[in-house]
1. If the Cβ limit is 8 Å and pairs must be 6+ apart or interchain, which residue in the stretch 285-302 that is acidic (Asp, Glu) pairs with which residue that is open to solvent by less than 10 Å² (accessible area, probe 1.4 Å)?
2. How many of the residues making up the stretch 376-396 are outside any loop (DSSP other than H, G, I, E, B) and either surrounded by fewer than 23 Cβ atoms within 10 Å (Cβ to Cβ) or of a type in the set (Asp, Glu) (or both)?
3. I'd like the full set of residues that are closer than 18 Å to MET330 by Cβ and either of a type in the set (S, T, N, Q) or part of a strand (DSSP E or B) (or both), limited to the stretch 61-73.
4. I need a count of the residues in the stretch 252-267 that are more than 21 Å from PRO169 (Cα to Cα) and surrounded by fewer than 15 Cβ atoms within 10 Å (Cβ to Cβ).
5. Does ASP278 count as at pLDDT below 95 and acidic (Asp, Glu)?
6. With the condition kept exactly as written, say whether any residue in the stretch 209-224 is open to solvent by 10 Å² or more (accessible area, probe 1.4 Å), touching a strand residue (DSSP E or B) at 6+ places or on another chain (Cβ under 7 Å), more than 25 Å from HIS193 (Cβ to Cβ) and among the β-branched types (Val, Ile, Thr).
7. Please tell me if GLY502 is open to solvent by 60 Å² or more (accessible area, probe 1.4 Å) and either within 13 Å of PHE383 (Cβ to Cβ) or among the small types (Gly, Ala, Ser) (or both).
8. Take the stretch 461-477 and flag every residue that is in a loop (DSSP other than H, G, I, E, B) and among the aliphatic types (A, V, I, L, M).
Amino acid sequence: PMKVLFVLFDSLNRNALGAYGGTRMSTPNFDRFAAKSIRFDNHYVGSMPCMPARRDLHTGRLNFMHRSWGPLEPFDNSMIRELKSSGIWTHMITDHAHYWMEGGATYHTQYSSFDFIRGQEKDRWKAMVQPPLERWREMYHPQQMHGMDEKHVPYMISREHQPTEADMPLAKCMASAFEFLDTNGDKDGWFCHLECFDPHEPFWSPERFQGRRDSGYEGPILDWPRYDKVSESAEEIEELRNNYAGLVEMCDDYFGRLLDHLDTHDLWKDTVVILTTDHGFLLGEHEWWAKNITPYYNEIAHIPLIIYHPDHADQGGTSRQALTQTMDLMPTILSLFDAPVPEQVEGRDLTPLLGQDGPGHDAVAYGIFGGSVNITDGRYTYFKYPENMADQEIYEYTLMPMHLEDAFSVENLCEAELSPPLEYAEGLKVLKIPARKSEDGAVEVPCMGQSRETKTVLYDLSIDPGQYTPIDAPDVVERLENEMRKIMRRNQVPHEAYRRIG
């Protein structure tokens, strides 16, 4: 039996890490881990954002061309359920509150045990019937007080209940991980999923991290960028970037404590450690903040993956150029435990790449429901948008009709019909529901509204790694569109998904 420690930091930008060439922030512990591990240099997202990425992780399949953000489906083959069937104890430690919303409600329940750390982002943790809004209006930047919505107020309430660094969710996640390792580190046959919501926004860290840089900004707290085009002053932009950097350095500090724990207890000799993220985050590059409504530039799509395996400790500090993506982690982890891989899995086992580099995918597709379908072969990236984003033929295929924070509306469900039997859904007929529309009739890209920059473009990363200058190369487009069709056929996407993107 094997033991695997799977560590995921949400929104951990690849270019934040020194091991991947980052220079803006200090990440000695992430880099220390990379120096003893195998670094994957061409690793990409699949389905976006948070819960769709985790559904890829659990199932080893893309899901963004079938439905939006939602729970695991009854027909999904969860990696965690497969491990439990093979006699492996699975444990989750997380402060990621999306698991406890309607749209994430079936993920954590797969595990043998789980520990939920409260108080992160918009987690509705503490009751404050009359919050001190006037004091907060002076404390926080006006854009974080806008409308006093259900996103910002819970954060402000939680922050009042975290007076010391030890009270912060990241510190509590690591304390829980140490408790798990102290109790179970010398046992065999476990998979521990440690998922830290940081450095996802809001970018709040203790002064010892935040105070390392001076942006010249002297206003109220500004640590939560909007999902929108950049319109802030130069000082505000720098302040937001600095606060992200401080939070990354806090993550690095606590990850270093985890490495120290593995050192002290000599766990490297028989424990696989996997470090990755779900997606990146734009910090003003391309004049955008955040993700989802933006084009899927590599700041979002090209993500870190670093794996330590005791049988390949001699490979420490080496890298792999094979093209890989999030869904590959599911069959890889099952393979580490010699657990069977379900036939519906599209991802590829990466364990053969731990010994030496080799072929990966010819191309990988990635995107968000209702947005562009994007593809890369490792050299070119191609963003393929529908002709008309506001008028799309697109349906949700699901037996779990939930959005991020609520169920599908009764009006929406009245439009549902049953699909034909779907092979990827164990031959079941599922609900086929027209995608949710905004008040102006446009299809809503889930979570964050509608993108306004929707041009089909091709970039050549070999001459333009920043993706600033689109190129015109019809032969490359034809080849990538053929690869896209192959991936869509393997993914068994519905007929209208092809029509939607022409």
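The values are calculated or read from the model by the stated rules, or taken from the named source; none is laboratory data. Owing to the predicted nature of the structure, the values given are computational and were not obtained by experimental measurement. Every residue, glycine as well, gets a Cβ built from its backbone with ideal geometry; the counts of neighbours run over all protein chains shown. For accessibility, only protein heavy atoms count, side chains too; no ligands or nucleic acids. Shrake-Rupley method; radii C 1.70, N 1.55, O 1.52, S 1.80 Å.
1. Partner pairs satisfying both residue conditions: GLU299/ASN13; GLU299/GLY280; GLU299/PHE281; GLU299/LEU282.
2. The qualifying residues number 4.
3. Within the stretch 61-73, ASN63 is the sole residue that qualifies.
4. 4
5. In short, no.
6. yes
7. Answer is yes for this residue.
8. Of all residues in the stretch 461-477, those in a loop (DSSP other than H, G, I, E, B) come to 461-473.
If the condition is that a residue be in a loop (DSSP other than H, G, I, E, B) and among the aliphatic types (A, V, I, L, M), then LEU461, ILE463, ILE471, ALA473 are the ones that fit.
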